Amino acid sequence: MTGQVSGRQTAASNKLRLVKDLLGPYHSWVMVILAAMLVETAMSLAGPWPLKIILDNVVGSHKPPGWLDALRFIDLGGDKMELAAVAGAAVLVIAMVGALASYIDNYYTESVSQWVAHDLRMRVYDHLQRLSLGYYDTHQTGPILSTLTSDIKTIQGFASSGTLGILVDLLTIVGMLGIMFWLDWDFALVAVGVTPFLLLFVARFNREVKDATHEVRRYQSDIVAVVQQGLESIRIVKAFGRQELEENQLATVSHATVDAALAARRVKSLLSPAVSITVAGCTGYVLWRGTGLVMQDVMTVGALTVFLTYLGKFFKPVQDLAKMSNSIAQTAVAIERIQLILDTDDILPEKPGARDPGKLRGEIAFDHVAFSYNADAKVLSDVVFSIAPGQTVGVVGPTGSGKSTVVSMIPRFYDPTGGVVRIDGVDVRDYDLQALRRQIGFVLQDTALFHGTIRENIAYGRPNATDAEIAEAARLANADEFISRMAHGYDTMVGERGMTLSGGQRQRIGIARAVIRDAPILILDEPTAALDTESEKLVMDALQKLMKGRTVITIAHRLSTIRDADKIIVVKGGVVAEEGSHDELVARGGVYAELYRTQVQPASPIGA
């Protein structure tokens, strides 16, 4: 129990720290908002008093209060209509000042909410960018997108609407309490006595609404995940005729969302009427009791009117809390989901004063490297090998052997859990991370292109590249020949994920992207595996140009692509099982020879 309390306190502390950090840059605007709220509160408190003057001193026969004598610029005399004119003018002044304060309040509150949402969005996205690939290996993109969009929008909406009303009400209640006790302490005790029970009642139901809202947000994230997966794979879905399956998956999570939302609504629907009935009961008692006091000349009609007005406003924060319980719960859940991302510490650490590697020679060494995603998922146990500058090395192995993980440690996509990876004799963890990755080029099996022009995609790794450099990179990558045939040339827009281009065209743009980076280390992940013969020839020709004078590491699935490599490293069972040239490994008759025999042996005819 103590641990749970401590955990809740820590979570609450983290939320407060987050709110403080976000509001810090806008403290001057917050002060303007608070000042406007104070004026708005004062006008709210003053609102019923002109009516009290009308009821008691104009319609009634009570003597005007002494403070009205301060209005010497109007000759009150004995004419009650002059007093009524003052009261009427006061209504207009109070309304105008209150309206101006409300405008300032709303304007700056909306400004703060918009900029806080922007800052929070950038803060979460920046944190997501710095998380290691290990985080994305275990988290779906859909819920992350939902948090980055819907949850932040929920917080923004609450800050710009709900927060303002609650704060104004809470400020007003303090002033009303003093006046209510001054008017009649007996009646004031009725309101004060009922309030704690109402607050406990609201808190009790609010927890249930929050729990139900957690379920709603979880299912809403599932909706995003299902839709995202279905749309990203729309070609596969259509090819296999599985539209109905995708629709059924969406229907399942959508129905679950509806059920969870209705559960939250049922609780909220009970809460608001219960509070309204309690407030009505208190008001009815005051009305009955106050009428008796008015008839006994103990209280004036105006004083009773003011008291009833204040009593209604006194319970307004509780009523608002009941009506906004769902919104409050959604905001609390949104903050928790955002905090969950921000509290994730799966970030590759950078040492203070990490060194810039400058222009690397390309010498790479793995010194007894081990890696595991967790205690139950050991991938590498003891990987040892070295690569000389300028060597071309192939990394092969059975599926799931860890070859991709080995190569991923060179640019520090992952850090080893044991041993050291060195480049030019220096632990890669001693290098500045971004500076290290600028020294490494990548050509992957499925080149990812972004929505934008071909020019922007080629220059993605080096945004300051000139048009001439972009064109030269495309020429070396054998991409200029098809780019020049396009209607808009290098300004041609590329569709999402480059689907408007063929596989060979995408790969050649990926090679041009690597060419323009001019990195001394090049990582290839079987860039020709999915290409036809003609495209493969063009891509291989481009790669031969790109590989000159660089240290090249190729993850090979088709062993024919690395026959001419200086060295082939065979990974199996989390260790380097073999290494040597193609001919040496074939002659050795080990793991590589078996892989090679499987690939080159002619397949048996169907039905044989």
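The values are calculated or read from the model by the stated rules, or taken from the named source; none is laboratory data. Being a predicted model, the structure only gives us computed values, none of them experimental. In this analysis, Cβ positions are derived from the backbone assuming ideal geometry, glycine residues included, and neighbour counts consider all displayed protein chains.
Residues of the stretch 128-160 being of a type in the set (Val, Ile, Thr), exposed (fewer than 15 other Cβ atoms within 10 Å of the Cβ) and either assigned to a helix (DSSP H, G or I) or without any contact (Cβ under 8 Å) to a residue 60 or more places away in the chain (or both), which ones? 141, 149 - these are the residues of the stretch 128-160 that are of a type in the set (Val, Ile, Thr), exposed (fewer than 15 other Cβ atoms within 10 Å of the Cβ) and either assigned to a helix (DSSP H, G or I) or without any contact (Cβ under 8 Å) to a residue 60 or more places away in the chain (or both).
Let me spell it out: the conditions are (1) touching a Ser or Thr at 6+ places or on another chain (Cβ under 6 Å); (2) not assigned by TED's automatic domain parsing to the domain that holds residue 597, and residue 414 meets all of them except one. Which number is the exception? Unmet for residue 414, out of (1) touching a Ser or Thr at 6+ places or on another chain (Cβ under 6 Å); (2) not assigned by TED's automatic domain parsing to the domain that holds residue 597: (2). Would you call residue 436 under 30 Å from residue 494 (Cα atoms), modelled with pLDDT under 90 and among the hydrophobic types (A, V, I, L, M, F, W, C)? When the stated conditions are applied, residue 436 does not pass them.
Quick grid of which residues meet (1) buried (at least 21 other Cβ atoms within 10 Å of the Cβ); (2) over 31 Å from the mean Cα position of the chain (by Cα); (3) modelled with pLDDT under 80; (4) of a type in the set (Phe, Trp, Tyr):
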position	(1), (2), (3), (4)
264	yes, no, yes, no
269	no, no, yes, no
273	no, yes, yes, no
276	no, yes, yes, no
298	no, yes, yes, no
305	no, yes, no, no
313	no, yes, yes, no
330	yes, no, yes, no
344	no, no, no, no
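Quickly run through the stretch 439-470 and pick out the residues that are outside any helix (DSSP H, G or I) and in contact with an Asp or Glu (Cβ under 7 Å, 6 or more places away or on another chain). Those that are outside any helix (DSSP H, G or I) and in contact with an Asp or Glu (Cβ under 7 Å, 6 or more places away or on another chain): 444, 445, 451, 453.
With (1) crowded, with 20+ Cβ neighbours inside 10 Å; (2) modelled with pLDDT of 85 or more as the list, and residue 485 as the residue in question, which single condition is left unmet? The failed condition is (1).
Residue 384 meets each of the listed conditions (1) loosely packed, with under 15 Cβ neighbours inside 10 Å; (2) more than 22 Å from residue 554 (Cβ to Cβ); (3) not aromatic (Phe, Trp, Tyr) apart from (2).
Across the stretch 438-458, the number of residues qualifying as out of contact with any strand residue (DSSP E or B) (no Cβ under 9 Å at 6 or more places or on another chain) and surrounded by fewer than 21 Cβ atoms within 10 Å (Cβ to Cβ) comes to 3. Within the set 5, 32, the sole residue that is at pLDDT 80 or above and assigned to a helix (DSSP H, G or I) turns out to be 32. Residue pairs whose Cβ atoms lie under 9 Å apart, separated by 6 or more positions or on different chains, with the first residue in the stretch 275-297 and over 10 Å from residue 311 (Cβ atoms) and touching a residue at least 60 places away in the same chain (Cβ under 8 Å) and the second surrounded by 10 or more Cβ atoms within 10 Å (Cβ to Cβ) and among the polar types (S, T, N, Q), are 275/319.
Of the residues making up the stretch 409-432, just one is in a helix (DSSP H, G or I), surrounded by 17 or more Cβ atoms within 10 Å (Cβ to Cβ) and touching a residue at least 60 places away in the same chain (Cβ under 8 Å), namely 429.
Taken as a whole, the structure places residue 377 among residues that are farther than 26 Å from residue 547 by Cβ, free of Cβ contacts under 8 Å to residues at least 12 places away in the same chain and either of a type in the set (Gly, Ala, Ser) or in contact with a Phe, Trp or Tyr (Cβ under 9 Å, 6 or more places away or on another chain) (or both).
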